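Note sheet for the following structure.
The values are calculated or read from the model by the stated rules, or taken from the named source; none is laboratory data. What you see is a predicted model; the values in this text were computed from it and never measured. Every residue, glycine as well, gets a Cβ built from its backbone with ideal geometry; the counts of neighbours run over all protein chains shown. In case anyone asks, the SASA skips ligands and DNA or RNA and just uses the protein heavy atoms, side chains included. Shrake-Rupley method; radii C 1.70, N 1.55, O 1.52, S 1.80 Å.
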Amino acid sequence: MTRVGVVTFPGSLDDGDARRGVRLAGAEPVRLWHGDHDLQGVDAVVLPGGFSYGDYLRCGAIAARSPIMTEIVAAAGGGLPVLGICNGFQMLTEAHLLPGGLVRNDHGAFVCRDQRLRVEQTATAWTSAFSIGEEIVVPLKNGEGGYVADADTVARLEDEGRVVFRYLGVDPNGSVNRIAGIANERGTVVGLMPHPEHAVEPGFGPDTRSAMRSGVDGLRVFRSALEGVLAA
């Protein structure tokens, strides 16, 4: 069975939800601890949302230098699929696995909403189960979710097809070009601010036109990784 590690940091909030998403997708979730140097032979890794190390210094900055991240950075260099969700996205930029950074929302307030997204790229380890141009709904909750990068970096991300998700309707945090998620050059590392792990089970996800709390668009993020490992 495919084994997907989910790292717990001091201050993680969504690690349990991420493990549930992995399980519902058909893989085995493996608990990984921030202070360890052992990835336990997992096939992919999820860096969950929350407030790692209390968000001291900068969101994700301390976590990016934790013992487990030393192993993740090295493994990602070898092609290990890594997904960073919200605080995990911040870790990926702080660890220089993804370019740019995340700053305080432009309206200065924490935002929590069901967010419409457009899938911009399916040639990644975490989006192969979607269709390009597909509109999905995934919960969003952050205070420092505005994606920023210099003009050359943004142009390169756009030209190389590395923008993975884009906000539709409302731009909830002032991200440049409405960018909600990006990938590395190989498409193995993906970071996004919205929370797919909160849209994995009927009865608990966002509302849809068909029924309340029926949205499960996020489950396909985890299924993408499973399908990619099985196809390898």
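In the set (1) open to solvent by 40 Å² or more (accessible area, probe 1.4 Å); (2) under 16 Å from VAL229 (Cα atoms), the condition left unmet by ALA75 is number (1). The set of residues in the stretch 2-33 being charged (D, E, K, R) and more than 25 Å from GLY54 (Cβ to Cβ) consists of ARG3, ARG23, GLU28. Restricting GLY169, GLY205 to those that are among the small types (Gly, Ala, Ser), part of a loop (DSSP other than H, G, I, E, B), closer than 29 Å to ARG19 by Cα and touching a strand residue (DSSP E or B) at 6+ places or on another chain (Cβ under 9 Å) reduces the list to GLY205.
Exactly one residue among GLU120, GLU94 is at pLDDT 95 or above, within 20 Å of SER12 (Cα to Cα) and crowded, with 21+ Cβ neighbours inside 10 Å, and that residue is GLU94.
Does any residue of the stretch 66-81 turn out to be in a loop (DSSP other than H, G, I, E, B) and within 25 Å of PRO172 (Cα to Cα)? No; the residues of the stretch 66-81 include none that is in a loop (DSSP other than H, G, I, E, B) and within 25 Å of PRO172 (Cα to Cα). Screening ILE136, ILE182 for residues that are modelled with pLDDT of 95 or more, under 13 Å from the mean Cα position of the chain (by Cα), at negative phi and outside any loop (DSSP other than H, G, I, E, B) leaves exactly one candidate, ILE182.
Among the residues of the stretch 1-34, the ones that are closer than 18 Å to LEU219 by Cβ, open to solvent by 30 Å² or more (accessible area, probe 1.4 Å), modelled with pLDDT of 95 or more and in a loop (DSSP other than H, G, I, E, B) come to 1 in all.
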